[in-house]
Number of protein chains: 2
Amino acid sequence: MDVLVPFAAVDPKTRLAAALGPGERPVFARAMLLDVCEAIADAGREPTVLATDDVDCSHDVLVDERPLTAAVNDHLDTLGTPVAVVMADLALATPTALERLFDRAGDVVVAPGLGGGTNALVVRHEAFTVDYHGASVRDHRRIARDVGASLAEVDSFRLAVDVDEPADLAEVLLHGEGRAREWLADAGFQLETTDGRVVARR
Amino acid sequence: MDVLVPFAAVDPKTRLAAALGPGERPVFARAMLLDVCEAIADAGREPTVLATDDVDCSHDVLVDERPLTAAVNDHLDTLGTPVAVVMADLALATPTALERLFDRAGDVVVAPGLGGGTNALVVRHEAFTVDYHGASVRDHRRIARDVGASLAEVDSFRLAVDVDEPADLAEVLLHGEGRAREWLADAGFQLETTDGRVVARR
């Protein structure tokens with residue numbers, strides 16, 4: 001099974017701008033990408049980075065400048081099914097969590113992300129297409145139903161956390177095991193308790 | 001195995017004040033409590049609500065006014081192990097997710113919550129104590145190590161989302177299946193897409 005890892009290579013992670021400088025965001029984004037690719041490889045699959053620009057990376061890279069939805073749908077078409085699509089900012093992803101995704105039966109298998117996203121999916125039905133805009137997990141449930149594909153959902157915290165906002169950095173410090181966590185620690189981030197959830201500060 | 005469900009019965013869910021009125025918060029909190037208790041019962045276990053004041057509820061209720069950590073530690077002592085502790089605001093919890101928790105081997109089994117919390121745990125080691133202050137998942141890892149207890153973690157999105165902040169309401173609309181979701185929909189909440197994660201608004 002091919003595993004596509006979409007990656008925004010140009011000005012990545014703009015929603016982290018309150019926490020990371022413009023020079024830091026690409027470095028942190030690449031650390032997460034490498035962690036995700038390594039976890040996929042350790043789960044026995046070969047990742048292909050689907051990037052909007054060239055990326056320095058030991059894994060296969062396909063450059064496609066189109067927006068996410070168009071690029072993924074075109075490559076689903078070209079590659080044929082089964083295909084998996086795993087986002088590049090799942091800094092908590094482990095081989096075990098990814099194996100649960102890859103091994104789960106279903107024409108379409110979805111790992112929901114925080115706030116309605118679709119952080120990872122497996123497509124085994126040729127009529128299924130993706131639509132990453134808005135509450136994509138809801139749209140993907142609907143699209144699967146419309147094309148008569150069976151749908152399964154993987155219940156994983158490690159696949160649900162995509163690192164998009166400053167609050168997500170605390171999750172990387174708490175649960176990360178790779179380069180992204182190490183980069184944050186080296187950049188001076190530490191956990192700070194509040195009245196509610198802990199936050200990452202430096 | 002006894003399953004304790006700690007519940008703050010007095011002025012609950014203050015961090016939801018920006019989204020819910022003072023008269024709504026207790027009603028919504030009770031809807032979540034009943035959903036959690038029902039999911040525990042459907043997973044074949046009998047929940048006991050450990051509440052800071054009396055609660056109208058068809059399940060067993062133990063009233064204990066002490067702070068969370070003190071009350072839970074005392075009841076761990078009294079009940080003996082194994083005991084499970086499942087928070088009352090896990091509005092996405094399903095019997096399947098809870099069975100993964102209850103069935104997982106380990107002296108201490110933890111289901112991490114967003115922002116460092118410990119949303120659910122199973123204790124099978126008599127020397128283990130809880131400490132819910134701050135980044136409790138980190139503290140519980142340390143306490144397990146200190147008393148020589150083996151530790152396992154359950155990787156579940158449905159157990160990771162505790163409904164504490166307005167952003168969490170979107171998760172209930174997206175993934176909830178019980179009274180809490182229905183209450184939010186009846187109260188006029190709908191999903192609204194943004195540039196990032198979807199939000200619940202009315």
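The values are calculated or read from the model by the stated rules, or taken from the named source; none is laboratory data. Worth saying up front: this structure is predicted, and the values here are computed from it rather than measured. Here the Cβ positions follow ideal geometry from the backbone for every residue, glycine too, while neighbour counts run over all protein chains shown. Side chains are part of the model used for accessible areas, which takes the heavy atoms of the whole protein and leaves out ligands, DNA and RNA. Shrake-Rupley method; radii C 1.70, N 1.55, O 1.52, S 1.80 Å.
Quick one: would you say A:Ala88 is touching a residue at least 24 places away in the same chain (Cβ under 8 Å), within 25 Å of A:Arg141 (Cβ to Cβ), within 14 Å of chain B (Cβ to nearest Cβ) and surrounded by 20 or more Cβ atoms within 10 Å (Cβ to Cβ)? Considered against the rule, which asks whether it is touching a residue at least 24 places away in the same chain (Cβ under 8 Å), within 25 Å of A:Arg141 (Cβ to Cβ), within 14 Å of chain B (Cβ to nearest Cβ) and surrounded by 20 or more Cβ atoms within 10 Å (Cβ to Cβ), A:Ala88 comes out as no. Quick one: count up the residues across region A:103-115 that are facing chain B (nearest Cβ under 10 Å) and open to solvent by 10 Å² or more (accessible area, probe 1.4 Å). Here the count works out to 1. Close contacts from region A:146-160, counting a first residue that is more than 18 Å from A:Val123 (Cβ to Cβ) and more than 8 Å from chain B (Cβ to nearest Cβ) and a second that is open to solvent by less than 30 Å² (accessible area, probe 1.4 Å) and at pLDDT 95 or above, with Cβ to Cβ under 7 Å and a gap of 6+ residues or different chains, come to none at all.
Within the bounds of region A:121-143, is there any residue that is open to solvent by less than 30 Å² (accessible area, probe 1.4 Å), within 12 Å of chain B (Cβ to nearest Cβ) and of a type in the set (A, V, I, L, M, F, W, C)? There is at least one residue in region A:121-143 that is open to solvent by less than 30 Å² (accessible area, probe 1.4 Å), within 12 Å of chain B (Cβ to nearest Cβ) and of a type in the set (A, V, I, L, M, F, W, C). The test for being surrounded by fewer than 20 Cβ atoms within 10 Å (Cβ to Cβ) and in contact with a helix residue (DSSP H, G or I) (Cβ under 9 Å, 6 or more places away or on another chain) does not hold for B:Arg30. Evaluate the following for A:Thr118: is it touching a helix residue (DSSP H, G or I) at 6+ places or on another chain (Cβ under 9 Å), within 14 Å of chain B (Cβ to nearest Cβ) and free of Cβ contacts under 8 Å to residues at least 12 places away in the same chain? No, not satisfied. Residues considered: B:Ala93, B:Ala29. Of these, the only one that is within 29 Å of A:Ala167 (Cα to Cα) and within 14 Å of chain A (Cβ to nearest Cβ) is B:Ala93.
Conditions tested, residue by residue: (1) within 26 Å of A:Arg100 (Cβ to Cβ); (2) out of contact with any Phe, Trp or Tyr (no Cβ under 8 Å at 6 or more places or on another chain); (3) free of Cβ contacts under 8 Å to residues at least 12 places away in the same chain; (4) acidic (Asp, Glu).
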{"position": "A:Ala29", "(1), (2), (3), (4)": "yes, no, no, no"}
{"position": "A:Asp35", "(1), (2), (3), (4)": "yes, yes, no, yes"}
{"position": "A:Ile40", "(1), (2), (3), (4)": "yes, yes, no, no"}
{"position": "A:Arg45", "(1), (2), (3), (4)": "yes, no, no, no"}
{"position": "A:Asp53", "(1), (2), (3), (4)": "no, yes, no, yes"}
{"position": "A:Val61", "(1), (2), (3), (4)": "no, yes, no, no"}
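On inspection, A:Ala41 qualifies as among the small types (Gly, Ala, Ser) and surrounded by fewer than 17 Cβ atoms within 10 Å (Cβ to Cβ). Condition test on A:Arg66, is it within 14 Å of chain B (Cβ to nearest Cβ), open to solvent by 40 Å² or more (accessible area, probe 1.4 Å) and either acidic (Asp, Glu) or under 30 Å from A:Trp183 (Cβ atoms) (or both)? Judged against the criteria, A:Arg66 is not a match. The single condition among (1) surrounded by fewer than 17 Cβ atoms within 10 Å (Cβ to Cβ); (2) more than 16 Å from A:Met87 (Cβ to Cβ) that A:Arg15 does not meet is (2). Of the residues making up region A:167-199, those that are surrounded by 17 or more Cβ atoms within 10 Å (Cβ to Cβ), more than 10 Å from every other protein chain (Cβ to nearest Cβ) and of a type outside the set (D, E, K, R) number 8. The criterion of being assigned to a loop (DSSP other than H, G, I, E, B) and modelled with pLDDT of 95 or more holds for A:Arg66.
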